[in-house]
Amino acid sequence: MKGSEVRAAFLKYFESKGHAIVQSSSLVPGNDPTLLFTNAGMVQFKDVFLGDDIRPYTRATTSQKCVRAGGKHNDLENVGFTARHHTFFEMLGNFSFGDYFKQGAIEYAWDFLVNVMGLDSKRLLVSVYKDDDEAYGLWKDKIGVSPDRIVRLGEKDNFWSMGDTGPCGPCSEIIYDQGPGVGCGKPTCNVECGCDRFLEIWNLVFMQFNRDVSGKLTPLPKPNIDTGMGLERITAILQGVQSNYDTDLFKPLISYIARVSGKTYGKSEEIDASIRVIADHARACAFLIGDGILPSNEGRGYVLRRIMRRASRYGKQLGMNDPFLHDVAMQVVKEMGDIYPDLENRKEFIAKVISNEEERFLKTLDRGLGLLSEVKTELKEKGNTMIPGDVVFMLYDTFGFPIDLTEGEAWKDGFGIDKQGFETLMEKQRKMAQASTSFGARETAKGSARVIRKKTKFLGYKTLETTSKILAIQGEDQNGLVSDLKELNPGQTGMLFTDSTSFYGESGGQIGDTGKIEAEGLDADVLDTTKTSLDVVVHNVKVNKGVLKKGQKIDLKVDKARRAAIMRHHSATHLLQKALRDVLGGHVHQSGSLVTDARLRFDFTHFAALGVDEIDRIEDIVNQYVLTDLPVTIKVMSKEEALEMGAMALFNEKYGDQVRVVSMGDVSTELCGGTHCKSTGEIGLVKIVSEGSISAGLRRIEAVAGIESLKHLRLLNNIVIQTAEKVKASPGEIIDRVSAMHTRIKEQEQKIKELNLKIATGSVGASDEQEFMADGFSVVIKKVDAEDVGQLRDIGDRIKERVGKGVVFLTSSMKGKNTFVIMVTKGLEERVDAGKIMREICNAVGGRGGGKGAFAQGGTDDMSSLTKALEIFNEEIRRIQA
């Protein structure tokens with residue numbers, strides 16, 4: 001049975017048992033910020049298990065995309081070297097939300113494995129939690145499993161918790177005995193042995209308790225079922241192979257990699273492991289990028305980058321020195337695109353991201369390896385076998401080396417790495433990034449109050465004024481903790497919850513509304529509006545006059561002019577995305593946005609800076625759509641219907657079963673919950689004000705619309721007028737005048753540079769320069785004032801030209817450091833090794849440096865080190881003469 005048939009049979013079986021087939025969620029968890037990636041089937045149902053979400057079904061089944069390559073679940077270093085470790089895998093699962101419980105879960109699992117899949121029941125064992133007599137009895141009495149094939153295990157193996165507190169419960173695992181020919185072969189081998197004989201294939205979690213902060217377990221009123229079975233593992237069993245990589249889920253990829261690398265799979269374990277690494281990592285890369293994750297140096301993007309670069313490294317071991325991973329990823333799309341249509345729809349984008357990252361890495365790989373080699377040589381001369389943390393960090397930060405790559409390269413030559421020093425520098429960098437960023441999570445209130453769960457009825461699509469009832473008020477009490485309040489008095493601020501509202505709560509990139517609250521004797525401002533994950537709108541208010549009381553009827557009035565400006569910018573983002581795709585290509589997808597009354601910010605996937613002509617074309621297209629005055633229509637339909645009609649959805653946005661589809665004529669159709677103009681003509685002029693990179697493969701455009709465009713154009717016009725006055729030219733002559741001024745400045749700078757070089761290379765006294773002959777070549781020692789190493793090199797080149805054959809040692813004080821440069825003329829490198837001399841100097845003065853025969857540079861923080869450096873240099877010259 002093929003892997004695709006196993007997946008289909010599983011879903012079909014549980015559908016026949018009344019389960020809704022639910023589409024796999026994104027690999028980016030939409031409801032759990034504590035997780036890097038979706039790593040189990042239950043992740044998308046976490047809010048359901050917690051009681052924060054209600055679905056139209058009580059039974060569900062999924063084949064869930066999962067990644068375990070970071071954080072708590074990190075299998076990365078084992079991948080390729082074991083039969084079953086993967087970064088990406090699929091988890092088959094069935095779930096019950098207060099419907100059936102232990103008996104149903106156990107009966108379904110056994111029936112599917114034995115009667116549908118045809119597994120030999122005599123080769124199946126089960127484990128239960130040590131105190132779970134109910135599950136033990138069901139397996140023994142209902143299913144008929146022999147007591148000697150039921151194992152009781154402790155909390156570590158057979159008790160599952162969502163966290164330190166919250167839903168939890170015992171679990172039961174179904175285990176397959178691969179036979180005595182597999183595994184350790186010891187007569188004492190059993191299910192608790194770490195070998196491969198006894199294979200855990202299906203975990204049934206019985207979520208029946210709630211654990212409080214004291215550890216006390218209280219039975220849940222409606223217990224739940226969460227099960228998980230790895231598709232790759234059950235497929236291996238059904239296909240009679242001992243490795244997941246020998247199933248049809250991997251064989252086509254392995255054959256392709258072997259073919260393009262010119263290697264044979266199955267003859268060398270080292271080659272086989274490299275091929276398995278690439279096959280697994282290509283799957284992970286395709287799916288992660290397909291879900292909108294891009295390589296970066298932080299978070300999910302860093303894990304993706306590590307996976308990609310690990311694959312590249314093993315490809316290099318197979319002799320593949322050119323980019324190849326993007327081609328393997330396209331084979332993944334070919335194999336799995338029919339099951340996961342997003343792969344097929346985004347394959348161009350996936351290929352571009354991977355090839356772009358491969359090319360970037362290959363450019364820096366050799367340079368980084370060269371630097372690491374120099375450091376190892378320097379350390380070996382000192383008898384040191386530990387790569388310093390600052391070197392590991394520089395390789396990571398400058399050359400993009402994941403720490404495991406540096407560690408692997410170091411280990412080959414018997415070196416270790418200073419992980420603690422690396423982590424210290426990483427933490428310092430993180431803190432600097434957090435301090436400098438202008439975006440981030442809102443400051444949370446001190447403490448927490450009762451969670452308001454009643455969904456707010458939103459009326460703001462049709463009206464900006466509504467009369468509503470106050471359901472709750474929250475604010476800081478005398479202790480500074482957020483708590484429920486009965487009222488707010490003049491001068492006080494707080495959070496207001498109503499049964500309905502016309503105020504849009506910040507979500508989907510659109511900022512929240514502001515406005516007024518009025519009633520008899522009452523005047524209050526709505527300073528901001530947010531929305532919780534439960535669709536509860538939170539009005540952040542300040543009372544100016546009167547008293548706001550719980551249960552009171554109030555008039556909510558949105559600031560109309562501000563809302564209109566927000567709508568103009570939001571509608572403009574939809575037209576902007578359409579224009580970007582028209583001009584740049586179908587790989588462009590929205591990656592994030594911010595819509596305010598003053599501007600819009602649009603993040604999108606693309607791999608190169610936009611040229612002036614491209615920006616002009618994008619602006620022309622957007623404004624043509626505005627002038628055409630296209631009607632904006634809004635419909636509510638199922639997500640499936642919307643996607644079938646071609647509506648664009650955000651990569652990682654969490655959508656409900658019913659979605660809002662915003663169409664602008666026949667040019668743009670998107671899933672969107674925001675507020676929009678009635679027609680594109682209401683947007684007004686759209687002007688792009690900036691475009692730039694925010695990370696590899698991700699760019700950002702900022703633009704203004706309507707009256708804000710007029711403000712922007714006035715600002716530019718004023719700059720032109722003031723500049724014309726400064727350069728004494730008409731506005732039309734500014735470019736020519738500034739160009740001529742720029743040419744004159746460059747000419748003067750060059751003359752100054754030439755003069756400085758003449759001064760630096762001239763004879764200015766014995767204290768600044770020494771020159772002597774040494775066995776047929778000149779030696780020049782010179783102290784100069786230089787701005788950077790580049791200028792030192794220029795001075796050295798001039799001196800080399802003057803002496804013809806010789807060695808130049810230059811020193812300069814730069815930025816609180818003594819900097820040294822050694823240069824050797826052509827033909828003399830075999831006798832005089834600049835790199836070796838520099839290492840000797842740096843070892844003596846406590847600095848760092850290196851280089852090759854003709855050129856070397858180094859330096860030290862010790863400003864009193866010059867005399868010692870000159871002594872070492874002269875000693876080395878005398879040694880060469882001898």
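The values are calculated or read from the model by the stated rules, or taken from the named source; none is laboratory data. Here the structure is a predicted model, which is why all the values come from computation and not from measurement. When we count neighbours, we look across all protein chains shown, and the Cβ atoms used for this are built from the backbone with ideal geometry, even at glycine. With ligands, DNA and RNA removed, areas are computed over all heavy atoms of the protein, side chains included. Shrake-Rupley method; radii C 1.70, N 1.55, O 1.52, S 1.80 Å.
The HN-Hα couplings worked out from phi for the stretch 623-629 by the Karplus form 6.51 cos²θ - 1.76 cosθ + 1.60 (θ = phi - 60°) are 6, 5, 5, 5, 5, 5, 6 Hz, whole numbers, x standing for Gly and Pro.
Note down the relative contact order for the chain as a percent, whole number, built from C-alpha pairs under 8 angstrom at least six residues apart.
On the way: 1589 pairs, mean separation 52.1, N = 882.
Here the relative contact order equals 6 percent.
With a simple spin-label model that places each label point 7 Å from the Cα along the Cα-to-Cβ direction, the separation between K711 and D164 comes to 4.6 nm. Of all aspartates and glutamates in the structure, those lying under 19 Å Cα to Cα from K102, and not within fewer than 8 positions of it along the same chain, are E15, D111, D131, D132, D133, E134, D141, E155, D157, E173, E200, D226. Annotation note: GluC sites (Glu not before Pro) in the stretch 166-221 located in DSSP loop regions with a Cβ neighbour count of at most 15 within 10 Å are E192. Taking a ≥ b ≥ c as the square roots of the eigenvalues of the Cα gyration tensor, the stretch 446-594 is classed as prolate, since a/c reaches at least 1.5 and a/b is larger than b/c. Computed from backbone phi, the HN-Hα couplings of the stretch 245-251 come to 6, 8, 8, 5, 6, 10, 3 Hz, rounded to whole numbers (Karplus: 6.51 cos²θ - 1.76 cosθ + 1.60, θ = phi - 60°; Gly and Pro given as x). Under 20 Å of direct C-alpha separation, and excluding same-chain neighbours fewer than eight residues apart, K826 reaches these aspartates and glutamates: E771, D775, D794, D797, E801, E876. Determine the alpha carbon to alpha carbon distance for each of K316/K347; K687/K711; K516/K553 and list only those over 22 Å. Violating the 22 Å Cα-Cα cut-off are K316/K347.
The H on the amide N of V659, modeled in the peptide plane, is under 5 Å from the matching H of M637, S638, K639, each at least 5 residues off or on a different chain.
Rounded, prolate or oblate: pick one for the stretch 543-672, where a ≥ b ≥ c are the square roots of the eigenvalues of its C-alpha gyration tensor, a/c under 1.5 means rounded, and failing that, prolate if a/b is larger than b/c, else oblate.
prolate
If R₀ is 45 angstrom, what is the calculated FRET efficiency for the pair K751 and N345, using the beta carbon separation as r and rounding to 0.05?
Details: r = 59 Å, r/R0 = 1.31.
Efficiency, from the Cβ-Cβ distance: 0.15.
If you sort the three axes of the alpha carbon gyration tensor as a ≥ b ≥ c, you get a/c of 1.5 or more for the stretch 640-699 and a/b no higher than b/c, which makes it oblate. Taking 23 Å as the cut-off for C-alpha to C-alpha distance, list the pairs among K531/K557; K469/K557; K469/K545; K46/K140; K462/K578; K12/K654 that go past it. Over 23 Å apart, Cα to Cα: K46/K140; K462/K578; K12/K654.
Label-to-label distance, R152 versus K186, with points set 7 angstrom from Cα along the beta-carbon direction: 2.4 nm. Of all lysines in the structure, the ones whose alpha carbon falls short of 25 Å from that of K728, not counting any fewer than 8 places away in one chain, are K746. The length gained by stretching the chain between N479 and E733 to full extension, at 0.36 nm per residue less their Cα-Cα distance, is 84.9 nm.
Can you pull the percent of the stretch 620-676's accessible area that's carbon plus sulfur, 1.4 Å probe, other chains left in place? Show your work: numbers first, answer last.
Values: 1480 of 2950 Å².
It is 50 percent, rounded to a whole number.
Computed on the stretch 86-209, with alpha-carbon pairs under 8 angstrom and 6+ residues apart, the relative contact order is 24 percent. Here the Karplus curve 6.51 cos²θ - 1.76 cosθ + 1.60, taken at θ = phi - 60°, turns the phi angles of the stretch 824-834 into couplings of 10, 5, 4, x, 9, 4, 5, 8, 10, 9, 4 Hz, with x standing for Gly and Pro.
Taking every protein chain into account, the 1.4 Å probe leaves R310 with about 0 Å² of accessible area, to the nearest ten. Given the alternatives [x] 28.1, 95; [y] 33.9, 103; [z] 29.3, 91, Rg and Dmax of the Cα atoms in Å as computed for this entry is given by [y].
Here's how it looks for L527: its modeled amide H is under 5 Å from those of N540, V541, K542, which are all 5 or more places away or on a different chain. The slack between I21 and D397, meaning 0.36 nm per residue of separation minus the straight C-alpha distance, is 130.9 nm.
C195 exposes around 30 Å² of accessible area when a 1.4 Å probe is run over every protein chain in place.
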